[in-house]
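Have a look at the structure below before the remarks.
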Amino acid sequence: MKAIIICESVSHGNTLKVANAIAEVIGANVVKPAEFDAGTACDYDLIGLGSGIYYGKHHKSLMELAEKLPNCRKSVFIFSTSGKGAISQHRHLSDIISRKGYRNAGEFTCKGWDTWGPLKYIGGINRGLPNDAMIERAREFARGLKA
Ligand SMILES: Cc1cc2nc3c(=O)[nH]c(=O)nc-3n(C[C@H](O)[C@H](O)[C@H](O)COP(=O)(O)O)c2cc1C
């Protein structure tokens, strides 16, 4: 199985920790959206898309890349970290993916250290997250992708 993970992790590297854990299990490289040529998407059996959540959506660079992906009926999985840790915030990205005819292979989310706006004055929320247990959950999710 040829897999690639495309991850934007600009705030604290929270989502990159999840990306690296999944990558190790499925044997994939992790690249940024700006480094990925959307035209090569059909070369992969499995594509992972992940970032922090910003204003209720994945990072703009990832959303824009998703819009450029050609429709080749391959499998995509979606992941994120965020203040809320709510999978409902994947909806905008998963809508694009399904509109383009990709199979949704699964979704993973967990909480991440969040210093959005005034939260920074109190040191943010979810400090120290994702923790080891969450990273282990990400590995478990990745083992399911391989199965
Ligand atoms: C400008 C800004 C907007 C954010 N918007 C949301 C949001 O809408 N929902 C949420 O749950 N978390 C939100 N967050 C928290 C981030 O999603 C969270 O810190 C995430 O783990 C960052 O991931 P990263 O370190 O990989 O970039 C926001 C953070 C920032 C800085």
TODO: State all residues of region 4-20 that are assigned to a helix (DSSP H, G or I) and touching a Pro at 6+ places or on another chain (Cβ under 9 Å); if no residue qualifies, say none.
DONE: ASN14, THR15, LYS17, VAL18
Task: Any chance THR115 is within 28 Å of ASN131 (Cα to Cα) and more than 12 Å from the chain's Cα centre (by Cα) - done: yes
TODO: For region 36-84, name all the residues that are aromatic (Phe, Trp, Tyr), within 20 Å of THR109 (Cα to Cα) and not in a strand (DSSP E or B).
DONE: TYR55
TODO: Take region 1-20 and flag every residue that is aliphatic (A, V, I, L, M), open to solvent by less than 10 Å² (accessible area, probe 1.4 Å) and farther than 16 Å from LEU46 by Cα.
DONE: VAL18
Open item on the list: Given the condition touching a helix residue (DSSP H, G or I) at 6+ places or on another chain (Cβ under 7 Å), open to solvent by 30 Å² or more (accessible area, probe 1.4 Å), at pLDDT 95 or above and not charged (D, E, K, R), answer yes or no: does some residue in region 111-126 qualify?
Closed with: yes
Open item on the list: Suppose we filter ARG73, ARG91, ARG99 for residues that are open to solvent by 60 Å² or more (accessible area, probe 1.4 Å), within 15 Å of the ligand (Cβ to nearest atom) and basic (Lys, Arg); which single one remains?
Closed with: ARG91
Task: Whichever residue in region 97-140 is part of a loop (DSSP other than H, G, I, E, B) and among the small types (Gly, Ala, Ser) and, among such residues, is farthest from ILE47 (Cα to Cα) - done: GLY123
Open item on the list: For region 22-58, give me each residue that is open to solvent by 40 Å² or more (accessible area, probe 1.4 Å), touching a residue at least 40 places away in the same chain (Cβ under 8 Å) and in contact with a strand residue (DSSP E or B) (Cβ under 8 Å, 6 or more places away or on another chain).
Closed with: ASP45
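The values are calculated or read from the model by the stated rules, or taken from the named source; none is laboratory data. Only a predicted model underlies this, so the values are computations on that prediction, with no experimental measurement involved. Heads up, the Cβs are rebuilt from the backbone with ideal geometry, glycines too, and the neighbour counts pull from every protein chain shown. Please note that ligands, DNA and RNA were not included when accessible areas were found on the heavy atoms of the full protein model with its side chains. Shrake-Rupley method; radii C 1.70, N 1.55, O 1.52, S 1.80 Å.
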